[in-house]
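Right, one structure below, let's go through it.
A short reminder: the numbers here are calculations on the coordinates, not readings from a lab. The structure presented is a predicted model; accordingly, all values stated were derived computationally and were not measured. Note that each Cβ is placed from the backbone with ideal geometry, even for glycine, and that neighbours are counted across all protein chains shown.
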Amino acid sequence: MRPLHILLAVCVAAVWGFNFVAIKVGLRDFPPLLFTALRFALAAVPLLVFGVRAGPPVAWRFVLGIGLVLGALQFALMFGGVYVGMPAGLTSLVAQSQAFFTLLFAAVFLGDRPGLRPLAGMAVAFVGIAVIALDMPAGGSRLGLVMVIGAAIAWGAGNIILKRANAPDLFRLMLWVSLVPPLPLLALSLMVEGPERMSAALTGMTWPGVVSLIYIAGAATLFGFASWGFLMRHYPASLVAPFSLLVPIFGMSSGALFLGEDFGPLKLAGAALVFAGLAVTVLKLPVRKPAPAE
């Protein structure tokens, strides 16, 4: 990869890692369902303002499927998990278990059988998640962990829909996908969170909450997916995908730096196991070919 593109990949990982801090800050102003709806509504603004004459780059069934599963369901669970007590840094790590659920769904629906190495990585990572769960206080934090795992499952299912869609332009697809979640999420927010909480959140917005919303919609969604899509179009996935391992590193370090999140020995041990499992699964180890016989 060109040095400038390596820097771009690292920047995307940093933006996505810090995104979890922005989520935590934004949830101080907004309830999770409303916050998720506003995030996608804001991300869709460029499409509504400038328009895309050619329409979505894939069939509408894929736009709806990705919007509901990869958009509404995934982020409603993730935002909800952080809202009830899941630390931002650990969320950035546990969410990456989507890689394992993607492998499982690919095996079931696409016939892609995972090899021994990904299965071993999956086993190590899930042991790490179990260790993290043991160190979580009962109540909201454990519920938050379950919700974030649910978000990772939705992410994995959405990846399969995304793979079947085979979009030629990921950025344009994400603009159209952003049109799908707001209405169902606003309706769900109205029923679950109630009009009073919605009204109080919208009228009592603070600058940190507004900046967090803009960051999540603009930097993490539009810049992140546009840049990642550019890299995936120009380089093999095997070169680009390993940079996703930097996301939890940036997420956990920014959570500790900006939110004062403390990771005890057990949480750190669990995080190390999850990261090791991800590394084993994502990284392609070079295979040395035998020297030709003379």
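For this structure, a couple of remarks:
- Among the residues making up segment 71-94, none is under 10 Å from the mean Cα position of the chain (by Cα) and surrounded by fewer than 24 Cβ atoms within 10 Å (Cβ to Cβ).
- Single unsatisfied condition, residue 131 versus (1) more than 18 Å from the chain's Cα centre (by Cα); (2) buried (at least 21 other Cβ atoms within 10 Å of the Cβ); (3) not small (Gly, Ala, Ser): (2)
- Test for residue 110: is it closer than 15 Å to residue 162 by Cβ, within 16 Å of the chain's Cα centre (by Cα) and either among the acidic types (Asp, Glu) or surrounded by fewer than 20 Cβ atoms within 10 Å (Cβ to Cβ) (or both): no
- Residue count, segment 21-31 (criterion: in contact (Cβ under 8 Å) with a residue 60 or more places away in the chain and either more than 30 Å from residue 93 (Cα to Cα) or under 18 Å from the mean Cα position of the chain (by Cα) (or both)): 6
- Hey, residue 222 within 23 Å of residue 118 (Cβ to Cβ) and touching a residue at least 40 places away in the same chain (Cβ under 8 Å) or not: no
- Segment 172-196, residues that are of a type in the set (D, E, K, R) and touching a Leu at 6+ places or on another chain (Cβ under 8 Å): 193
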